[in-house]
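A short write-up of the structure that comes next.
Here, each number is a calculation from the coordinates, and none is a lab measurement. The structure presented is a predicted model; accordingly, all values stated were derived computationally and were not measured. Quick reminder, even Gly has a Cβ in these numbers, built from the backbone with ideal geometry, and neighbours come from all protein chains shown.
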Amino acid sequence: MSSNQSIESNELTGVNRAFIIGIILNLVFVVVEFGAGIYLNSLALISDAGHNLSDVASLSLAMLAFRLAKVKPNKTFTYGLRKSTILISLLNAIILLIVVGFIAWESVLRLKSTEAVEGDSMAVVAGVGILINTITALLFFKNRKQDLNIKGAFLHLTADALVSAGVVATGIVIGLTDWYWLDTAVSLAIVVVILVSTWGLLRDSTVLALDGVPRGIDPNKVKEEILQFQEVKNVHHIHIWAMSTTENALTAHITVADDFNLSSFEPLKAEIHQVLYNLKIQHSTLEIELESESCAEGIV
C-alpha cells in the first residue's frame, strides 16, 4: 500500500469513527432532552430534541452515503454508487425541512399559552446539549471542506450548539422573570436557524442532483484555461457535473488546426487533464476535432 493510500485509509477510518461517535452521542441526548422537555413542559427543549433527532438521521444517512461512495463500479452502475452521496444530501435537507414544519406548527399552537416552564432545569439540559453538539461538530471540522455531506453534518451540529445556547439563555431569563412566552418564541427562532442552515445544503444538493455545475467551478474559467494552450483553436460542448459530493466530471470538444499532428494529441490531452484537475474536475473526457470538421457550438 502506498503512503497516499495509507493516508486516505486513515482519513476514511477517522471519518467513520466521527460518524459513529456523533450518532451515539446525539441519540442519547435526544432521549434525555425529549424526556426533559415533556417533564419540564418546555416546547423549546422538545423542539431542540426534534432538531437533534434530525441530526441523528442526517449523520446516519451521511455515513451510509460515505460507505456507498466506495462501492466499485459494475455492469449496472458503471460509476459505482457515488451519486448516492448527492441524493442523500438532498434527503437530509428535506428531512430538516419536515422537522422545521413540525416545530413551527407546534409553536404556533402554543403562542397564546402561558403554561409554566422550569427555566433553571431547562437551561441545565440545554447546556449539556451545547457540550455534546460542540464536541461532535469538532469531529467533522477537519474534513468539512472535502464532502458536502460532511459539511452538512458540521453545519447542522454547529447550528445545534448555537440553538442550545439560545435555549440556555431563555431558561435563565424564564427562571428570573417567569416570562413563559419566551419558550415559544425561542422555538420559532430555532425554526429560523434551521431554515438558514438548511437553505445552502438544499440549494447545492438540488443543483448537483440535477447535474448542474458544482459550486466553485466556473465554466467560463474552465474554457479560458483550456484555450491557453496554443494548439487549441476552440473548445465547445462543455458539460460539467458532479459524480458525487467530492468528484466532478467534464466532457468537451477540443478543436485544433487541420494540420495538427494527431500523434501529439495525447501529450496535449494529458496537460489539459492536469489543468482541469487543478480546477477540481477529477474526471474529464476530451474529443478532438479538426477546424474544418468542427460541429456546432454548445452552450459554453
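Restricting to the chain, what percent of DSSP beta bridges are antiparallel, rounded to 5?
Values: 8 of 16 bridges.
Within the chain, antiparallel bridges account for around 50 percent of the total.
Output the pairs from K142/K223; K75/K269; K83/K142; K221/K280; K151/K280; K70/K151 with a Cα-Cα distance over 21 Å in this structure; if there are none, say none.
Details: K142/K223 32 Å; K75/K269 27 Å; K83/K142 23 Å; K221/K280 12 Å; K151/K280 17 Å; K70/K151 18 Å.
Pairs exceeding 21 Å: K142/K223; K75/K269; K83/K142.
Only counting other Cβ atoms within 10 Å, I'd like R67, R82 sorted with the fewest neighbours first. List each step's numbers first, then the result.
Working: R67 15, R82 20.
Fewest-to-most ranking of R67, R82: R67, R82.
Which net charge results for the neighbourhood of V167, defined as the other residues with beta-carbon distances under 11 angstrom from its beta-carbon, given Lys and Arg at +1 and Asp and Glu at -1?
Details: positive: none; negative: E33, D48, D160, D183.
In short, -4.
Given the -39500 (n - 2.57) contribution per DSSP H run of 4+ residues, what per-residue ellipticity at 222 nm results for the chain, rounded to the nearest 500 deg cm²/dmol?
Values: 8 runs with 193 residues, N = 300.
Taking each H run of at least 4 residues, the total per residue is -22500 deg cm²/dmol.
Identify which of the listed values of Rg/Rh (Cα atoms, Kirkwood Rh) was calculated from the structure shown: (i) 1.14; (ii) 1.03; (iii) 0.93.
Correct label, based on the coordinates given: (i).
Between H239 and L109, what is the spin-label point distance in nm, taking each point 7 Å from the Cα along the Cα→C-beta axis?
With each label placed 7 Å out from Cα toward Cβ, I get 4.9 nm.
In nm, what is the difference between 0.36 nm times the number of residues separating V173 and Y39 and their Cα-Cα distance?
Working: separation 134, 0.36 × 134 = 48.24 nm, distance 1.91 nm.
Full-extension gain reported as 46.3 nm.
For the chain, with only Lys/Arg (+1) and Asp/Glu (-1) charged at the beta-carbon, what is the dipole magnitude about the Cα centre, in debye rounded to 20? Spell out each step's value before the answer.
On the way: 20 positive and 29 negative charges, 144 e Å.
Result for the chain is approximately 700 debye, rounded to the nearest 20.
Can you give the FRET efficiency for I288 and N16, using 1/(1 + (r/R0)^6), R0 = 30 Å, r = Cβ-Cβ distance, to the nearest 0.05?
Details: r = 42 Å, r/R0 = 1.41.
My answer for the efficiency is 0.10.
Could you put V207, V168 in order, starting from the residue whose Cβ has the fewest other Cβ atoms within 10 Å? It would help to have the intermediate numbers written out before the result.
Values: V207 17, V168 20.
Least crowded to most crowded, the residues run V207, V168.
Using a Förster radius of 41 Å, what is the FRET efficiency between Q228 and T206 based on their Cβ-Cβ separation? Nearest 0.05, please.
On the way: r = 33 Å, r/R0 = 0.80.
Result of the calculation: an efficiency of 0.80.
So what is the relative contact order of the chain, in percent, for Cα pairs below 8 Å that sit 6 or more residues apart? Kindly include the intermediate steps, with their values, before the conclusion.
Numbers: 439 pairs, mean separation 51.2, N = 300.
Reported relative contact order: 17 percent.
Between E271 and I135, what is 0.36 nm times their sequence separation minus the Cα-Cα distance? Round to one decimal in nm. Provide the component values of the computation, followed by the final result.
Values: separation 136, 0.36 × 136 = 48.96 nm, distance 4.36 nm.
Taking E271 through I135 to full extension adds about 44.6 nm, to one decimal.
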